[in-house]
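Below is one structure, written out as structure tokens; the observations come after it.
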Amino acid sequence: MHTFRALIVAVAVLAGVAAPRPASADDLKLGISAAFTSLDPHFFVATANIMISRYMFDALTSTNERQQVVPALAESWEAKDDLRWEFKLRPDVVFSDGTPLTANDIAASLARAPDVEGSPSSFALYTRSIANVDVIDPLTLVIETAHPNPTLPVEMSYISIIPEKLRNATTDAFNNLEATIGTGPFIPVNYVPNDHVEFVRNPNYWGPAPEWETATVRLIANNGARSAALLAGDVDVIDAVPPADIERIQASDNTIVSAVSNRVIFVGLDQERDESPFVSTPDGGNPLKNLLVRKALTHAIDREAIAARIMKGAALPAGQFLPDGFFGVSENLDLPEYDPEMARALLEESGFADKVKLTITGPSDRYLNASQVLQAIAQMFNRIGVETGVEMLPWSNYVSRLRAQEISAFFGGWGSVTGETGVSMLVTTGTVDPDRGSGGGNRGRYSNPDLDALLAEAARTIDNDARNDVLARASELVIGDVGLMPIYFEITNWGLRDGLTMQGRADQATLAASIRSQ
Amino acid sequence: MFAYIIRRVAQSVFVLFSIALLVFLAIYAIGDPVITLAPQDATTAELEATARRLGMDRPLYQQFFIFLSNAAQGDFGRSFVYGEPALNVVLSRLPATLELALFAAFLAVVIGVPLGMYAGLKPDSAGGKSIMLGSILGFSLPSFWQGLMLILLFAVVLRWLPAGGRGDVGSIWGLQSSFFTFDGISHLLLPALNMALFKVALIIRVARAATRETIGQDFMLFARAKGLPPTRLVGVHLLKNILIPVVTVLGLELGSLIAFAIVTESVFAYPGMGKLLVDSIGQLDRPVIVAYLMATVLMFVVINLIVDLLYAALDPRIRLSGGEA
């Protein structure tokens, strides 16, 4: 018994010591939901890795909250002709070790980005259009592309710029902080993989100095634990607040900041094969090839109800690839009307009324509330007479099934990395052609030569207004064909300790440099 | 005894080999890491380049034999997602995990053994009965929920302890551990308690049963008849005799505390090995999964060996020999 009593005393003493948790005004602690895996900014094209890179490094360009391209290390740029882009660097930028930034550093970074040993998924994605990089003078360079590429400026925002001398640095050198020399607002001082990174302010930063002397980014993947960390005052900011916790967090003097993301969540339908494994009718065949059936399904979905009741406001109903105000969005496309009567009528007209059996497949561990959303959609389909079931799989398993085309209807998400609808349509609805990177996410195998032609036209149109129009027309075409069914855009919620403010970002990144105290 | 140890080691090498083979086959069956990790708009050429970089472009049996020959030299390959040697990734988590497991085991013993002995000595008293009732709670509360409740109470409402993460690491004689700082221990307390509660319940039951059995035995009666003071009777003779089942249970449970702290680690965002394993399975990070399982199997083997040796120390009647292993 003595031992037990001693233990209780020890707990009380420890608690007393731990109680005053000093929240210094100069330190910012952030709890982040997605795992970052390396400090090498060119190692892995994963959202969380790119976010962490932005603490330490800059790129030629950057993107603002609405994902529009803004100047960063390049002060200005222009298209000399269809293939050549001239970038003018900002003068007087120095790396955190004091060496000045020159165009040679840019060239070295562009060369290293697609060529990192052991990279599980490389930044070649954003450099593949580049044919040649010409250094004109220390502050000018010309990037020549193999084919016209209007999205080069936004793609350049993904390539972190490192000093030329680190061209051949290993990933290890970045992870042990030898090579983390950047022009960004912070310098890392401690990195524990899959746990946290500690940063101090970079005194040489060219932009407005961040308010925080130090910033600590902690990975807290579990939703409940992340909310608890904010409520307990362990951290000042968390991202991806689970919808169920929003009220609780607001009630305890914290602030919620929301932003519509660039990620559209959709249901895709197998519309290529004559026999598809998870859809059947008494007479055989694939009813999803019939446009009337697809229209019936899209009008059977009550997007507003899903956003409001299941996602509890963490979603904005979607009728196309990006929310209003983004590049390449059509003004003529409204939300597909929720009308079960009409849906049923369409189904009758197609001759498939009460004949279709369908299973929708989705990933269980990738998107917020995916399982509930799919259950709801299945019920809505059942209501119009399509007998629908749901199958949820872990992501790694799901991706393999998608790739093997062992699906008929599937649940997916796509975040537009360029902030334009062009890449979204190319990947999710372009005719499947892996050599071109077209249709990589088009598991329903929708294929329309008119769409491919429009996308090809957009891809060579450097003029922004003209490209916007082409992409808007392309969006109308796909949605009219029900090439896939957008359901909603994710809304990201951040929880901030009272007294802090930030702008929610469409790319879902949480950047300490843009968090301020009121 | 030496032959006994040799035999044990040979058995574990075989276990390690089979586990490696199983992991290779299992991950092959689940999916292709190259596809899982790639963005959807990657071109075929980019996917092929990735497969080459990760060594996934060869047939599975070749991958396995390359792995075997490297592993024989202590090289388990590089993690796909961390880009660091897989064994380093796993071992860098080991101190955090060991601290948590040892602290939890310590709490389980110092709480569980005295309570169990009390309940065994006075089974009909109110105290004894409520201890047994309490132990049912310890068994039945889901560790996930219990962890969140602990956080809610001690971190959110009372604000005594941090809600999660690992605390500052101190250093004494070159040894680095968060046991050496108040911040470190305050971070350990809640997750360790969360893991300990189930084990406390277990140890209470084991200690109680052993106590009940031991007090009726002849040597205890003799000791009492001889006039030994009750403190010595309970504190030495009884305690020594109930320790064998307690050590057995603890040995088994320590392994599971180390290897399967997954729920507690995720709820408390604690950077231990369990959390690493879950993340790695999700990303099909084969080198880390293999290295993790190798390290875990090795640990189980060593713990079991220590338990066997402890038996011999605790009870002179038990002798280890090559034959009976």
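The values are calculated or read from the model by the stated rules, or taken from the named source; none is laboratory data. Just so it is clear, the model here is predicted, and its values are computed rather than measured. Ideal geometry is used to build each Cβ from the backbone, glycine not excepted, and the neighbour counts take in all protein chains shown.
Observations on the structure shown:
- Filtered residues of the range A:247-257 (kept if at pLDDT below 90 and assigned to a loop (DSSP other than H, G, I, E, B)): A:S252, A:D253
- The residues of the range B:218-238 that are surrounded by 13 or more Cβ atoms within 10 Å (Cβ to Cβ) and closer than 23 Å to B:D124 by Cα, listed by number, are B:M220, B:R224, B:L233, B:V234, B:H237, B:L238.
- Summed over the range A:274-291, the residues that are within 20 Å of A:R443 (Cα to Cα) and out of contact with any Phe, Trp or Tyr (no Cβ under 8 Å at 6 or more places or on another chain) give a count of 12.
- Answer residue from the range A:180-197, given it is within 22 Å of the chain's Cα centre (by Cα) and touching a residue at least 40 places away in the same chain (Cβ under 8 Å) and is farthest from B:S266 (Cα to Cα) among those: A:G184
- Top-ranked residue in the range A:102-121 [being at the interface with another protein chain (Cβ under 9 Å from one of its Cβ atoms) and crowded, with 18+ Cβ neighbours inside 10 Å; ranked as nearest to the chain's Cα centre (by Cα)]: A:S121
- Residue match in the range A:188-204 (condition: out of contact with any helix residue (DSSP H, G or I) (no Cβ under 8 Å at 6 or more places or on another chain) and hydroxyl-bearing (S, T, Y)): no
- Candidate set: the range B:18-45, residues that are at the interface with chain A (Cβ under 10 Å from one of its Cβ atoms), part of a helix (DSSP H, G or I) and not hydrophobic (A, V, I, L, M, F, W, C); chosen: the one surrounded by the fewest Cβ atoms within 10 Å (Cβ to Cβ): B:T44
- Applying the set (1) assigned to a loop (DSSP other than H, G, I, E, B); (2) touching a Lys or Arg at 6+ places or on another chain (Cβ under 8 Å) to A:A244 leaves exactly one unmet item: (1).
- Test: residue in the range B:46-62 that is in contact (Cβ under 8 Å) with a residue 40 or more places away in the chain, surrounded by 14 or more Cβ atoms within 10 Å (Cβ to Cβ), assigned to a helix (DSSP H, G or I) and among the charged types (D, E, K, R): no
- The residues of the range A:49-76 that are within 14 Å of chain B (Cβ to nearest Cβ) and free of Cβ contacts under 8 Å to residues at least 24 places away in the same chain amount to a single one, A:N49.
- Residue check, A:Q320 more than 14 Å from every other protein chain (Cβ to nearest Cβ), in contact with a Leu (Cβ under 8 Å, 6 or more places away or on another chain) and of a type outside the set (D, E): yes
- Within the range B:238-294, being in a loop (DSSP other than H, G, I, E, B) and among the hydroxyl-bearing types (S, T, Y) holds for one residue alone: B:Y270.
For every residue, the table says whether it meets (1) modelled with pLDDT of 95 or more; (2) farther than 30 Å from A:V390 by Cα; (3) within 14 Å of chain B (Cβ to nearest Cβ).
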site	(1), (2), (3)
A:P193	no, yes, yes
A:A228	no, yes, yes
A:I238	yes, yes, yes
A:A244	no, no, yes
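- Pair list, Cβ < 7 Å and 6+ apart or interchain, from the range A:358-382 residues that are touching a residue at least 12 places away in the same chain (Cβ under 8 Å) to residues that are hydroxyl-bearing (S, T, Y) and part of a loop (DSSP other than H, G, I, E, B): A:L358/A:S408; A:T359/A:S408; A:A370/A:S364; A:S371/A:S364
- On inspection, A:D450 qualifies as more than 23 Å from the chain's Cα centre (by Cα) and more than 10 Å from every other protein chain (Cβ to nearest Cβ).
- Output for the range B:139-170, where each listed residue is surrounded by fewer than 21 Cβ atoms within 10 Å (Cβ to Cβ), in contact with a Ser or Thr (Cβ under 8 Å, 6 or more places away or on another chain), not in a helix (DSSP H, G or I) and not aliphatic (A, V, I, L, M): B:G167, B:D168, B:G170
- Search result, residues across the range A:122-153 that are small (G, A, S) and away from chain B (no Cβ under 14 Å): A:A131
- The range B:271-302, residues that are away from every other protein chain (no Cβ under 14 Å) and buried (at least 17 other Cβ atoms within 10 Å of the Cβ): B:V290, B:L293, B:M294, B:A295, B:T296, B:V297, B:M299, B:F300, B:V301
- Scope the range B:63-84; condition assigned to a loop (DSSP other than H, G, I, E, B) and small (G, A, S); matching residues: B:G74, B:G77, B:S79, B:G83
- Among the numbered conditions (1) at pLDDT 85 or above; (2) under 30 Å from B:F67 (Cβ atoms), the only one that B:I242 does not meet is (2).
- Figure legend. Inter-residue proximity from the range A:278-302: first residues over 22 Å from A:L333 (Cα atoms), second residues crowded, with 21+ Cβ neighbours inside 10 Å and aromatic (F, W, Y), beta-carbon distance below 9 Å, spacing 6+ or different chains. Indicated pairs: A:T281/A:F352; A:P287/A:F352.
- Count of the range B:76-101 residues which are surrounded by fewer than 20 Cβ atoms within 10 Å (Cβ to Cβ) and either facing chain A (nearest Cβ under 8 Å) or touching a residue at least 12 places away in the same chain (Cβ under 8 Å) (or both): 5
- Taken over the range A:406-421, residues that are of a type outside the set (F, W, Y) and more than 11 Å from chain B (Cβ to nearest Cβ) amount to 7.
- Across the range A:205-223, the qualifying residues are those that are within 14 Å of A:V235 (Cβ to Cβ) and either touching a helix residue (DSSP H, G or I) at 6+ places or on another chain (Cβ under 6 Å) or away from chain B (no Cβ under 14 Å) (or both), and the one among them that is surrounded by the fewest Cβ atoms within 10 Å (Cβ to Cβ) is A:T214.
- Pairs linking a residue in the range B:5-16 that is surrounded by 11 or more Cβ atoms within 10 Å (Cβ to Cβ) to a residue that is at pLDDT 80 or above and not small (G, A, S), with Cβ atoms under 6 Å and 6 or more positions apart or on different chains, are B:V15/B:V297; B:L16/B:M294; B:L16/B:V297.
- Residue in the range A:258-280 that is part of a helix (DSSP H, G or I) and assigned by TED's automatic domain parsing to the domain that holds A:S447 present: no
- Members of the range A:277-297 found to be surrounded by 23 or more Cβ atoms within 10 Å (Cβ to Cβ) and not hydrophobic (A, V, I, L, M, F, W, C), listed by number: A:P287, A:R294
- The residues on offer are B:I215, B:I244, and the sole one that is in contact with a Leu (Cβ under 6 Å, 6 or more places away or on another chain), surrounded by fewer than 20 Cβ atoms within 10 Å (Cβ to Cβ), of a type outside the set (K, R) and more than 11 Å from chain A (Cβ to nearest Cβ) is B:I244.
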